[in-house]
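Below is one structure, written out as structure tokens; comments come after it.
Read-outs: derived from the displayed coordinates by stated rules, not from any lab. The structure presented is a predicted model; accordingly, all values stated were derived computationally and were not measured. For neighbour counting, all protein chains shown are included, and Cβ atoms are generated from backbone atoms with ideal geometry for every residue, glycine included.
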Ligand SMILES: [Zn+2]
Ligand SMILES: [Zn+2]
């Protein structure tokens, strides 16, 4: 079983099953929000994601018409995007090895100019269709 949480440890979660995917998102919003070259997310099934503590610490920023970003209101860590089917977790929140590796790059059309992708994972100009 995997666990993880934010920097201040106020928000903690567990994943009962396996992480299903790991994706690097190179969009400009992820870059700003994470303050890094790109954002890496691991995905898991929503019914295997269990919040242990910290729901009251979750802040939200409406970053686009159809997207909001969650963050810890104490330490500022990016928090998982919890959907009905799947949860996308900023990979850096995971303690230990999630067991998956980058399987796709999203939004390489807006990639930071200083970033060179060195793995063989498929690259999508924007969000992949389907
Ligand atoms: Zn925190
Ligand atoms: Zn992004």
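Numerical summary
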item	result
For 89, 117, 94, order by how many other beta-carbon atoms lie within 10 Å, fewest first	117, 94, 89
Order of 88, 11, 127 under a 10 Å beta carbon neighbour criterion, fewest first	127, 88, 11
Cα radius of gyration and Dmax for region 55-122 (Å)	14.5, 40
For the chain, fraction of C-alpha pairs farther apart than 19 Å, in %	48
Full-extension gain in nm, residue 117 to residue 97, via 0.36 nm per residue minus C-alpha separation	5.1 nm
Calculated [θ] (222 nm, deg cm²/dmol) that DSSP helices of n ≥ 4 give over the chain, each run adding -39,500 (n - 2.57)	-1500 deg cm²/dmol
Rough spin-label spacing in nm, given labels placed 7 Å along Cα→Cβ, for residue 126 and residue 51	3.1
Two-site label geometry, residue 37 and residue 81: point separation in nm, points 7 Å out along Cα→Cβ	2.2
